[in-house]
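**Q** Take this structure first; my questions come after.
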Amino acid sequence: MLTVRGTDRTSARPVPEGTRLIPEEAGLIPEEAGLTALAGREALRAEEQRRLSPEVAAAITAAGFPRHFVPDRWGGAAGQFGPLVTGVAEVAETCGSAAWCAALFAAHGRLAAYLPAEGQREVWERGPGARIAAAVVPPQGRAVAADGGWRLDGEWRPASGVDHADWVLLASWTPGGADREHRIFAVPRSELSVLDTWHTSGLRGTGSNTVVADGVRVPAHRSFTLDALLRPLPGAARCHTVPFPMVAALVFAAPLLGIARSALRTWTGERAAVASPHPATATVLSGASARIHTAGLLLDGAATRADHGEITPLAVAENRRDATTAAALCREAVDDLFRTSGSRAQSPDHPVQRAWRDATAAAGHGTLDPDAAARAYAAAVLSPEPGGPR
């Protein structure tokens, strides 16, 4: 079997039969691509403009995020979740919004791999680095069968990074009463319009605006159901055999880890410069650093389980438990750091306040709902199926 590395990733042509692409183990290279430094320099600009700059979006692509989960037959990395968590957290230490978009561009490439083969070819015909935005949960807008495919109308929100997207995944309920489907559609960004609705306190730079479709036609080969994400793709790489609920919260929690680390670094540096720090400094420092360290261990464990562990209902529930717990720990740590930062952090451009706003917004995402994760974990543990809590 012919084995190649790297060079075919720039081509949209399927890899010839009998050829195997080996994904680079590092997978993501934010430092080498200049992403971390650029995102840090552009962070305040991203907040002011409420979207990433074209330069940061290009650096996200150069670092490998959009192609990270793209199937190797299209030149993608078909990568692992461990490198994704590491790379996203690294970017988030300089800009939470850039990390959020990087994580989702990667995750949405994984979702697009569930399209029929012809749909995948259209999405990646210009290369595996196509940036894909999405609004897939909850289903929104309207979808009706038309001309052997579908017609989409309505609005979907939020769609992070949509200003720099090549494609958008949109989800709607299809007609059918009790037999309706939660169906996902791949639409070229050029066929949609965007409403400037993203006026938020945190993650301002993600540009998570509203997408509008007005009679957009989608062929059948650019659609799949949400249920498909619960089943492994036959003969696919490991990243495409992991069910969506096992990794969804992991992807959204990864930016929080870097955001919290950035806040801790800034807060610690400011305290180190004070001759007589407040008596509570030691308690806050110890507690926040312990929470952040624990969160990192939980996400590392969840990523390892997703990349190498046995896929069982309990393992899926454990990953949701650990990712949502990690997100909560990061948010709690940043809360304490902001609360004890004094008047200096009341400035909106202070790094700890920005981290606090970003962490609060990120932790509020529905995928990181700790109550839903707790119910799923309890159901798996108390199930009569073999296995037990760990």
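The values are calculated or read from the model by the stated rules, or taken from the named source; none is laboratory data. Fair warning: this is a prediction, and the values are worked out from it, not measured in the lab. As a convention, Cβ positions derive from the backbone with ideal geometry for all residues, glycine included, and neighbour counts pool all protein chains shown.
**Q** Please find, among 280, 295, 272, 236, the residue that is surrounded by fewer than 22 Cβ atoms within 10 Å (Cβ to Cβ) and without any contact (Cβ under 8 Å) to a residue 60 or more places away in the chain.
**A** None of the others qualify; the one that does is 272.
**Q** Return the only residue of 371, 300, 307 being without any contact (Cβ under 8 Å) to a residue 24 or more places away in the chain, surrounded by fewer than 24 Cβ atoms within 10 Å (Cβ to Cβ), out of contact with any Asp or Glu (no Cβ under 6 Å at 6 or more places or on another chain) and in a helix (DSSP H, G or I).
**A** After applying the criteria, what remains is 371.
**Q** Are there strands (runs of 3 or more DSSP E) fully within the stretch 136-211 with at least 3 residues that are modelled with pLDDT of 95 or more and farther than 15 Å from residue 108 by Cα? List them.
**A** Fully inside the stretch 136-211 and qualifying: 142-146, 149-159, 193-195.
**Q** Is there any pair linking a residue in the stretch 91-112 that is closer than 17 Å to residue 51 by Cβ to one that is of a type in the set (A, V, I, L, M, F, W, C) and assigned to a loop (DSSP other than H, G, I, E, B), with Cβ under 7 Å and at least six apart or on different chains, and which?
**A** Qualifying pairs under 7 Å: 96/203; 97/52; 97/203; 98/52; 100/203; 101/52; 102/65; 105/65.
**Q** I'd like to check something: does the stretch 110-127 contain any residue that is over 13 Å from residue 225 (Cβ atoms), among the polar types (S, T, N, Q) and part of a helix (DSSP H, G or I)?
**A** yes
**Q** Working carefully through the options 50, 41, find the one that is farther than 30 Å from residue 230 by Cβ, surrounded by fewer than 24 Cβ atoms within 10 Å (Cβ to Cβ) and in contact (Cβ under 8 Å) with a residue 40 or more places away in the chain.
**A** 50
Conditions tested, residue by residue: (1) part of a helix (DSSP H, G or I); (2) at pLDDT 95 or above; (3) not aromatic (Phe, Trp, Tyr).
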{"residue": "47", "(1), (2), (3)": "yes, yes, yes"}
{"residue": "55", "(1), (2), (3)": "yes, yes, yes"}
{"residue": "65", "(1), (2), (3)": "no, yes, no"}
{"residue": "68", "(1), (2), (3)": "no, yes, yes"}
{"residue": "106", "(1), (2), (3)": "yes, yes, yes"}
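**Q** While we're looking at this one, here's another question. State whether one or more residues within the stretch 337-351 are more than 26 Å from residue 247 (Cβ to Cβ), in contact with a Leu (Cβ under 8 Å, 6 or more places away or on another chain), modelled with pLDDT under 95 and assigned to a loop (DSSP other than H, G, I, E, B).
**A** yes
**Q** If you check residue 257 against the conditions, is it surrounded by 17 or more Cβ atoms within 10 Å (Cβ to Cβ) and either at pLDDT below 95 or in a helix (DSSP H, G or I) (or both)?
**A** Considered against the rule, which asks whether it is surrounded by 17 or more Cβ atoms within 10 Å (Cβ to Cβ) and either at pLDDT below 95 or in a helix (DSSP H, G or I) (or both), residue 257 comes out as yes.
**Q** Buried (at least 19 other Cβ atoms within 10 Å of the Cβ), touching a residue at least 12 places away in the same chain (Cβ under 8 Å), more than 20 Å from the chain's Cα centre (by Cα) and closer than 26 Å to residue 70 by Cβ: which single residue out of 220, 213, 134 fits that description?
**A** Values: 220 fails: buried (at least 19 other Cβ atoms within 10 Å of the Cβ); 134 fails: more than 20 Å from the chain's Cα centre (by Cα).
Testing whether each residue is buried (at least 19 other Cβ atoms within 10 Å of the Cβ), touching a residue at least 12 places away in the same chain (Cβ under 8 Å), more than 20 Å from the chain's Cα centre (by Cα) and closer than 26 Å to residue 70 by Cβ leaves just 213.
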